[in-house]
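**Q** First the structure, then my questions, so here it is.
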Amino acid sequence: MGRQLTVFIENEPGALSEITAVLADEDVNIESIMVEGEHDFGFARIRAHPLHEAEEALEEAGFQIRTGEVLTLGLPNQPGALHGMLERLAKEGINIENMYGTANGSNKEPEIVIQVDDADQAREVLGIA
């Protein structure tokens, strides 16, 4: 189990740099980040350590944020692995609210971060402690 911050930002040059400056000034490490922008506004989903300090620093800097629980899990680096995980959640009626991930090279295990509508049930379905 983990938590992520969703930081709402204007979709303009330098907006993301303002967020990273605040976190760097507080010695907060960004563990993963996903950014989306559309038209005038966007958001950054950030997993950071220490999370509480990140949350406080961004709020003090005037950013509008929301926190939510996420699950982080590894998958085999092979075709169909993501599909199998998503299919298991779908069969149990668990909705994916957002997801991002990466595999840093063909020999590394992909890491996926997902936010779902029922984290406890998803942990049970996926066998995550």
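Each value in this text was obtained by applying a stated rule to the coordinates, not by laboratory testing. Nothing here was measured: the structure is a model prediction, and the numbers come from that model. Note: ideal-geometry Cβ built from the backbone for every residue, glycine included; neighbour counts use all protein chains shown.
**Q** Can you tell me how much longer the chain between Phe8 and Val125 gets when fully stretched, taken as 0.36 nm per residue apart minus their C-alpha distance, in nm with one decimal?
**A** Details: separation 117, 0.36 × 117 = 42.12 nm, distance 3.13 nm.
So the chain would gain 39.0 nm between Phe8 and Val125.
**Q** I've got another one for you. Add +1 for every Lys or Arg and -1 for every Asp or Glu among the other residues with Cβ under 9 Å from the Cβ of Glu53, and state the total.
**A** Taking every Cβ under 9 Å from that of Glu53, the sum is -4.
**Q** Still on this structure, I have one more. Taking +1 at the Cβ of each Lys and Arg and -1 at the Cβ of each Asp and Glu, which of Thr20, Ala57, Gly2 sits farthest along the dipole of the chain towards its positive end, judged by Cα position relative to the Cα centre?
**A** Gly2
**Q** In addition: Which entry is the computed Cα extents along the principal axes in Å for this structure: [x] 49, 36, 26; [y] 50, 39, 22; [z] 41, 31, 31?
**A** Answer by label: [z].
**Q** A further question on this structure: Tell me, in nm to one decimal, what length is gained between His83 and Ser17 on full extension, where the rule is 0.36 nm per residue of separation less the Cα-Cα distance?
**A** Details: separation 66, 0.36 × 66 = 23.76 nm, distance 3.43 nm.
Between His83 and Ser17, full extension yields 20.3 nm more.
**Q** In debye, nearest 20: dipole of the chain around its Cα centre with unit charges on the Cβ of K, R (+) and D, E (-)?
**A** On the way: 8 positive and 25 negative charges, 154 e Å.
Computed about the Cα centre, the dipole is about 740 debye.
**Q** For Leu75 and Glu56 in one chain, what is 0.36 nm times their gap in residues minus the Cα-Cα distance, to one decimal in nm?
**A** Details: separation 19, 0.36 × 19 = 6.84 nm, distance 3.25 nm.
Taking 0.36 nm per residue and subtracting the Cα distance, the gain is 3.6 nm.
**Q** Dimensions of region 2-67 along principal axes (Cα, Å, largest first)?
**A** Sorted largest first, the three principal extents are 31, 22, 16 Å.
**Q** I've got another one for you. Put +1 on the Cβ of each Lys and Arg and -1 on the Cβ of each Asp and Glu in region 70-126; which of Ala122, Ile94, Leu82 then has its Cα farthest toward the positive end of the dipole?
**A** After comparing all options, I get Leu82.
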